[in-house]
Amino acid sequence: LAHRHKEITAAGARVVGISVDDPGRNAAMVEKLHLPFPLLADPGGGGAIKPYGLWNPEEKGGIAYPAVLIVGPDGEERHRVDSRDFADRPTEDEILEHLAALDLGSVTQEPPAPGDPQPSDRAVKVRALVPYLLGAKSTAKAIGLRVPEAQEQGARHTAMMATWIEAVRALPRD
Amino acid sequence: MPAPRLTLPDQSGTPWRLADHRDAATLLVFYRGDW
């Protein structure tokens with residue numbers, strides 16, 4: 001999403017990320033990934049994750065199910081994609097198609113304030129993300145080739161990993 | 001369906017309100033977090 005942020009704002013939407021992570025952790029992610037949008041902290045899920053019906057109590061003491069929602073300028077929920085897991089995300093092209101259907105004017109989004117970054121001990125360095133994603137891409141491709149039922153999902157995930165690798169390679173090195 | 005109200009601190013601790021963004025669409029991206 002970050003690498004196509006200009007297209008998203010041109011289509012009339014601003015982006016915010018939401019998770020259980022606290023502001024210090026989120027500030028570290030904004031800095032590391034050079035995110036052009038803010039990350040909001042919802043530890044415990046009461047501020048948004050639970051009200052939006054996305055609370056997953058089964059993992060890590062409670063986290064959000066991945067999801068992408070489009071809220072219109074009128075405050076109405078216009079579109080929602082609930083994901084089964086981290087690998088099940090709508091593509092940027094799909095999101096842009098939904099935004100185009102709303103026929104909105106272009107907007108701008110201020111860069112996020114830096115905050116006080118407090119990275120996790122387990123945080124992966126940007127330079128380590130490329131081999132990680134290459135592994136995910138190869139695995140998705142191999143499964144798609146071997147399991148006929150997984151052919152379509154394998155191809156979709158392979159393409160998504162290729163997009164993410166390109167986005168990470170475009171980031172400054174840490 | 002109206003989206004539930006939403007006010008949460010951003011990465012700098014500043015409150016971010018969905019209601020302040022009625023001039024545009026908002027893409028709410030929920031992450032697993034804890035990364």
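What to note about this one:
- Selected residue (criterion: surrounded by the fewest Cβ atoms within 10 Å (Cβ to Cβ)) from residues of the range A:1-29 that are in a strand (DSSP E or B) and in contact with a Ser or Thr (Cβ under 7 Å, 6 or more places away or on another chain): A:ARG14
- Qualifying residue in the range A:125-143 (condition: in contact with a Phe, Trp or Tyr (Cβ under 9 Å, 6 or more places away or on another chain), basic (Lys, Arg), within 21 Å of A:MET160 (Cβ to Cβ) and not in a loop (DSSP other than H, G, I, E, B)): yes
- Selection within the range A:91-117 - of a type outside the set (D, E, K, R), part of a loop (DSSP other than H, G, I, E, B) and more than 10 Å from chain B (Cβ to nearest Cβ): A:THR91, A:PRO111
- Any hit, the range A:69-78, residues being in a loop (DSSP other than H, G, I, E, B) and under 13 Å from B:LEU28 (Cβ atoms): yes
- Residue that is nearest to B:ARG17 (Cα to Cα), among those in the range A:30-56 that are buried (at least 22 other Cβ atoms within 10 Å of the Cβ) and free of Cβ contacts under 8 Å to residues at least 24 places away in the same chain: A:ALA41
- Residues within the range A:57-91 that are surrounded by 13 or more Cβ atoms within 10 Å (Cβ to Cβ) and among the basic types (Lys, Arg), tallied: 3
Every read-out reported here was derived from the displayed coordinates using simple, explicitly stated rules and does not represent laboratory data. Computed from a predicted model, the values in this text were never measured in an experiment. Backbone-built Cβ (ideal geometry, glycine too); neighbour counts: all protein chains shown.
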